[in-house]
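Colleague: Got a structure for you, written out below as structure tokens; questions coming shortly.
Each reported figure results from applying straightforward, stated rules to the coordinates on display, with no laboratory input. Please read these numbers as outputs of a predicted model, since none were measured by experiment. Here the Cβ positions follow ideal geometry from the backbone for every residue, glycine too, while neighbour counts run over all protein chains shown.
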Amino acid sequence: MARKIVVIGSGAAGMTAASSARATDKEAEITVFTEEEYVSYSPCAIPFVLEGKIKDFQSIVMHDPAFYRNERNIDVRVKTKVASVDSEAKTVTLEDGSSIPYDSLILATGGTVFVPPIEGADLPGVFKVRFINDGMMIQEAMKTCKTVVVAGGGVIGLEIAVALKHAGLKVIVAEMFPQVIPRICDADMAAKVQSELEREGVEFLMGKPLGAIKGSGKVESVIVGDKEYKCDMVIMATGVRANLQIPNQLGFEIGPLGAVHVTSTLQPYRRGRVVKDVYLAGDVVMCENAAAPGPTMSQLGATAVRQGRVAGINAAGGYATFPAVLSAWISQVGEIQIAGTGLSKGLADYYGLQVVEGCAEGLSRARYYPGGTEVIVKLLAEKESRRIVGAQILGREDINGKINWLTAAIMKGVTVDEFVSSFENAYCPPTSMVRDVVCVAAENLMRKL
């Protein structure tokens with residue numbers, strides 16, 4: 001009899017899990033349930049559609065349910081809510097009362113945008129940035145909007161801010177921390193990003209939380225600190241929390257960071273014991289940090305895809321494990337790129353590590369080759385072991401490869417000495433300096449240890 005695999009969630013984790021399960025078991029009956037209308041798209045693309053760099057929202061939808069049915073024999077049921085799961089009877093109950101049996105269950109229920117419990121948060125004109133329909137509603141509201149307040153100065157908030165500024169709106173970013181991109185980016189690197197956006201005309205209100213949203217039937221102003229600012233729209237870019245509705249109902253163990261504690265095979269625990277035939281992937285999962293002992297969250301598209309692969313293989317009877325993560329990230333904010341991997345100084349302090357930093361500035365191309373732009377690299381090493389534990393890079397072109405290079409080094413536990421002596425870099429005048437800026441930063445770091 002064919003194995004019955006049920007997937008709840010149609011984001012990067014859920015659809016990757018379904019496809020990986022199909023690749024592992026050609027005969028399985030695979031069904032995906034999702035409350036969404038669209039599947040197989042990247043929410044990371046939403047700001048760039050709003051900015052006009054991507055033609056429209058249909059362009060970011062890679063596949064529809066018909067593709068999965070015809071090409072992969074996967075039944076994707078959109079606009080369908082799962083009301084409950086019985087892990088003992090191994091059934092999924094839908095909102096309409098129907099019950100679906102399963103042999104293996106994959107929970108890829110993702111996360112929800114945290115909306116602070118403030119006055120006016122439910123007014124028309126307040127939006128979140130999570131799903132493609134959120135982007136469509138923002139796009140429609142932009143037609144009659146003049147001023148928008150973006151609550152949150154993380155990478156999504158900054159990408160949205162730039163997008164709407166380039167679309168002709170007045171944009172104010174309200175961030176409760178004293179710097180943008182808090183936690184994962186150091187203050188000196190973050191300040192350069194903020195300065196760039198200020199030059200583009202984005203206004204910042206730093207170190208002040210969004211206190212209230214005012215308006216009669218619609219958004220008219222916000223209170224930030226002790227001042228009122230007129231606006232027509234508020235966009236909540238205030239972080240994502242794991243969607244724990246089903247995990248809590250099933251009694252799964254929730255880790256200290258508010259997500260499900262799982263094994264290396266992505267199975268949950270209940271009262272200290274592994275729950276069989278259930279697997280999780282994506283923003284609902286708490287990960288282990290590869291740079292320092294302890295838990296971490298890795299709510300990134302790349303992590304969701306990797307976890308979806310492991311969950312899908314295991315649910316279909318194969319075997320795969322998911323390792324600790326460094327959560328490498330990158331963002332295009334206006335004309336600049338900012339990226340990081342491993343620990344920032346703030347995260348190093350959180351995990352109790354003493355770190356030393358090494359920095360370098362250079363160019364993206366040989367100094368005599370036209371068109372080169374500034375590149376700034378910061379490396380962090382744990383003081384006692386001399387192991388590289390974090391990196392941040394700021395530039396205007398082609399920094400993705402550099403941060404991936406450093407991610408591989410950190411994942412392997414490389415010391416700064418080993419990096420300087422053994423890690424080679426390719427060179428060609430149109431693509432890099434002969435001594436890559438990363439190598440110079442590593443040499444500077446080694447001298448300081």
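Colleague: To the nearest 20 Debye, how big is the dipole of segment 115-238 about its Cα centre, given +1 on the beta carbon of each Lys and Arg and -1 on that of each Asp and Glu? Let's see the in-between values first.
Modeller: Numbers: 14 positive and 16 negative charges, 43 e Å.
Here segment 115-238 has a charge dipole of around 200 debye.
Colleague: Express the relative contact order of the chain as a whole percentage, based on alpha carbon pairs under 8 Å and six or more residues apart in sequence. Please list the in-between numbers first.
Modeller: Values: 1049 pairs, mean separation 64.8, N = 449.
Relative contact order comes out at 14 percent.
Colleague: Cut-off 10 angstrom, C-alpha nodes, Gaussian network model of the chain. Which of PRO429, PRO65, PRO295 fluctuates the most?
Modeller: Highest fluctuation of the listed residues: PRO429.
Colleague: Please work out whether segment 256-321 counts as rounded, prolate or oblate from its C-alpha gyration tensor, where a ≥ b ≥ c are the square roots of the eigenvalues and a/c under 1.5 means rounded, while otherwise a/b larger than b/c means prolate and anything else oblate? If you can, show how the numbers build up before the last one.
Modeller: Details: a/c = 1.83, a/b = 1.19, b/c = 1.54.
Because a/c hits 1.5 or more and a/b fails to exceed b/c, segment 256-321 counts as oblate.
Colleague: If you take the charge dipole of the chain about its Cα centre, with +1 on Lys and Arg Cβ and -1 on Asp and Glu Cβ, which of GLN249, ILE235, VAL440 is farthest toward its positive end?
Modeller: VAL440
Colleague: When the Karplus curve 6.51 cos²θ - 1.76 cosθ + 1.60 is applied with θ = phi - 60°, which whole-Hz ³J(HN,Hα) does each residue of segment 113-130 get, with x for Gly and Pro?
Modeller: 5, 6, 9, x, x, 10, 4, x, 5, 9, 5, x, x, 9, 10, 10, 10, 9
Colleague: Here is a follow-up. Helix-derived [θ] at 222 nm for the chain: sum -39500 (n - 2.57) over DSSP H runs of at least 4, divide by residue count, nearest 500?
Modeller: On the way: 12 runs with 119 residues, N = 449.
Helices in the chain give a 222 nm mean residue ellipticity of -8000 deg cm²/dmol.
Colleague: Right, here's the next one. With Cβ to Cβ distances under 15 Å as the rule, what net charge do the other residues near GLY111 carry (K, R +1; D, E -1)? Could you put the intermediate results ahead of the total?
Modeller: Details: positive: LYS128, ARG130, ARG241; negative: GLU35, GLU36, ASP134, ASP283.
Net charge in that neighbourhood comes out at -1.
Colleague: Separate question: Give the distance, in whole Å, between the Cα centre of segment 146-179 and the Cα centre of segment 255-272.
Modeller: 35 Å
Colleague: Further question on the same structure: For the pair GLU418 and SER216, what calculated FRET efficiency results from E = 1/(1 + (r/R0)^6), where r is the Cβ-Cβ distance and R0 = 45 Å, to the nearest 0.05?
Modeller: Numbers: r = 64 Å, r/R0 = 1.41.
Using R0 = 45 Å, I get an efficiency of 0.10.
Colleague: Only loop residues by DSSP count here, and only those with at most 12 other Cβ atoms within 10 Å; note down the GluC sites (Glu not before Pro) in segment 352-432 that meet that. Let's see the in-between values first.
Modeller: Working: sites: GLU357, GLU361, GLU374, GLU382, GLU384, GLU397, GLU418, GLU424; in loops: GLU384, GLU397, GLU424.
Here the GluC sites (Glu not before Pro) that fit, given the DSSP loop and packing criteria, are GLU384, GLU424.
Colleague: Please report the net charge: other residues with Cβ closer than 13 Å to the Cβ of PRO43, K and R +1, D and E -1. Spell out each step's value before the answer.
Modeller: On the way: positive: LYS128, ARG130; negative: GLU36, ASP134, GLU159, ASP283.
Spelling it out: positives minus negatives among the neighbours equals -2.
Colleague: Separate question: Between ILE100 and TYR427, how many nm apart are label points set 7 Å from Cα along the C-beta direction?
Modeller: 5.7 nm
Colleague: Right, something else. Multiply the residue gap between GLU119 and GLU71 by 0.36 nm, knock off their C-alpha separation, and tell me the result in nm, one decimal place.
Modeller: Details: separation 48, 0.36 × 48 = 17.28 nm, distance 4.82 nm.
Full-extension gain reported as 12.5 nm.
Colleague: Counting only DSSP beta bridges with both residues in segment 223-351, what percent are antiparallel, rounded to the nearest 5?
Modeller: Values: 13 of 16 bridges.
In segment 223-351, DSSP labels about 80 percent of beta bridges as antiparallel.
Colleague: Counting other beta carbons within 10 Å of each Cβ, put LYS276, LYS402, LYS345 in order, fewest first.
Modeller: Working: LYS276 9, LYS402 23, LYS345 18.
Neighbour counts put them in this order, fewest first: LYS276, LYS345, LYS402.
Colleague: Could you please report the charge total around LEU380, scoring K, R as +1 and D, E as -1 over all other residues with beta-carbon less than 12 angstrom from its beta-carbon?
Modeller: Details: positive: LYS345, LYS378, LYS383, ARG386, ARG387, LYS448; negative: ASP186, ASP349, GLU357, GLU382.
So the environment of LEU380 carries a net charge of +2.
Colleague: May I ask you to sort ASP134, ASP86 by Cβ crowding, counting other Cβ atoms within 10 Å and putting the fewest first?
Modeller: Details: ASP134 17, ASP86 14.
By the 10 Å Cβ count, ascending, the order reads ASP86, ASP134.
Colleague: Just for the chain, what percent of DSSP beta bridges are antiparallel, to the closest 5?
Modeller: Working: 52 of 88 bridges.
Here the share of antiparallel DSSP bridges comes out near 60 percent.
Colleague: Then there's this: Fewest Cβ neighbours within 10 Å first, please rank TRP329, TRP405 accordingly. Don't skip to the end; give the middle numbers.
Modeller: On the way: TRP329 20, TRP405 16.
Fewest to most other Cβ atoms nearby, the residues stand as TRP405, TRP329.
Colleague: So for each of 280-291, 231-242 I average, over its residues, the number of other beta carbons within 10 Å; can you give me the resulting order with the highest mean first? Write down the numbers at each step before the final one.
Modeller: On the way: 280-291: 25.6, 231-242: 22.2.
Sorting 280-291, 231-242 by mean packing, highest first, produces 280-291, 231-242.
Colleague: For Cα Rg over 2.2 N^0.38 Å, the choices are (i) 1.03; (ii) 0.97; (iii) 2.48; which was calculated from the structure?
Modeller: From the options (i) 1.03; (ii) 0.97; (iii) 2.48, the structure gives (i).
Colleague: Return the FRET efficiency for the residue pair ASN133, LEU257: r is the Cβ-Cβ distance, R0 is 30 Å, and the value is rounded to the nearest 0.05.
Modeller: Details: r = 28 Å, r/R0 = 0.93.
That gives a FRET efficiency of 0.60.
Colleague: Zone of ASP277 (label point 7 Å along Cα→Cβ, backbone N under 19 Å): which residues in segment 296-312?
Modeller: 311-312
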